[in-house]
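Read through the structure below, which is laid out as structure tokens, and then see the notes.
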Amino acid sequence: MIKRTPPLIIGNWKATPNLKDEATKFIKQLEKKITSSKVKLPKKCYYLAVPEIFIPILVPLAKHGYIGSETIPGYKEGQETGATTARQLASGGAMFSIIAHSEVRRRGETEEERAKKVEQSLLAGLTSVVCFGEKARDKEGKYLEELESDVKGTLGNIKRELFSNLIVAYEPVWAIGAAVPATAGECFEAVIAIRRALASLAGIDHAKKVHVLYGGTVTRDSAAAFLEEGGVNGLLLGRASQEVTSFFETIVSSYRGK
Ligand code: PGA
């Protein structure tokens, strides 16, 4: 299990880069920047979710970070052509897995499938980063109720003692790649709703162990504001983690503050 100290900065490479050599070059450059950083960073200062084929290649290079998977297919060991199990990912060196990212949800993932994936991921010992977020907001605040109901539906059957290996990412779909990004204040109210749902599911003590991240669009310039005013313990980055300088600078500004 990963021993977590906030802020947790998690990158998500999505379907990039195309080449193994580009992936290894990125990690080598990132490691070099971290080693010579003027801002003091902890021994492990980043998480990076990568295409699963790169996981065993990158794990030995990522001395200051944790390498993980961007999703898990949710199948158990057996006759399932084309599926990789959570245990196989863990055996290949993955330390964590993102689950229910909005780009996976939009391919038709159901709440039942999400719940199964979370359970398998946790049972395989992977720290599980489960994403929740509304597609749009309404003035009456119904989206907050939907958010809470999704959290309860997806995590309702998870054993309470496994909550300590759970991370939740708030990912407002309307804010991803949008011309006007979400503000730290908008993040804050949704994070409260998520924490309320976690507490009602598992009780305050277990809920407090769950780190909540912000996963809408964040840049190296907005990272510190979300961490200081958004009520979150970390960030889930997309594009900001796909270029080495921007990932490094976002890590540094998250640790240094505004
Ligand atoms: P972005 O992606 O940072 O590139 O907007 C965020 C996400 O997909 O969670």
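Listed values, structure above:
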{"read-out": "Residues of the range 102-127 that turn out to be within 17 Å of Val212 (Cα to Cα), out of contact with any Phe, Trp or Tyr (no Cβ under 6 Å at 6 or more places or on another chain), away from the ligand (no atom under 16 Å from the Cβ) and of a type outside the set (Val, Ile, Thr), as a count", "value": "1"}
{"read-out": "Residue within the range 179-187 that is under 19 Å from the mean Cα position of the chain (by Cα) and away from the ligand (no atom under 16 Å from the Cβ) present", "value": "no"}
{"read-out": "Any hit, the range 137-146, residues being within 16 Å of the ligand (Cβ to nearest atom) and either assigned to a loop (DSSP other than H, G, I, E, B) or open to solvent by less than 20 Å² (accessible area, probe 1.4 Å) (or both)", "value": "no"}
{"read-out": "Residue under evaluation Thr85, criteria (1) over 29 Å from Lys32 (Cβ atoms); (2) within 16 Å of the ligand (Cβ to nearest atom), criterion not met", "value": "(2)"}
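Here's the yes/no breakdown for (1) within 14 Å of the ligand (Cβ to nearest atom); (2) touching a residue at least 24 places away in the same chain (Cβ under 8 Å):
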site	(1), (2)
Thr154	no, yes
Ile158	no, yes
Ile194	no, yes
Ala199	no, no
His206	no, yes
His211	no, yes
Ala224	no, yes
Val232	yes, yes
Gln242	yes, yes
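The values are calculated or read from the model by the stated rules, or taken from the named source; none is laboratory data. It should be emphasised that the depicted structure is a prediction, and the values quoted were computed from it without experimental measurement. Neighbour counts run over all protein chains shown; Cβ positions are idealised from the backbone, glycine included. Areas reflect the complete protein model, heavy atoms only, side chains present, ligands, DNA and RNA absent. Shrake-Rupley method; radii C 1.70, N 1.55, O 1.52, S 1.80 Å.
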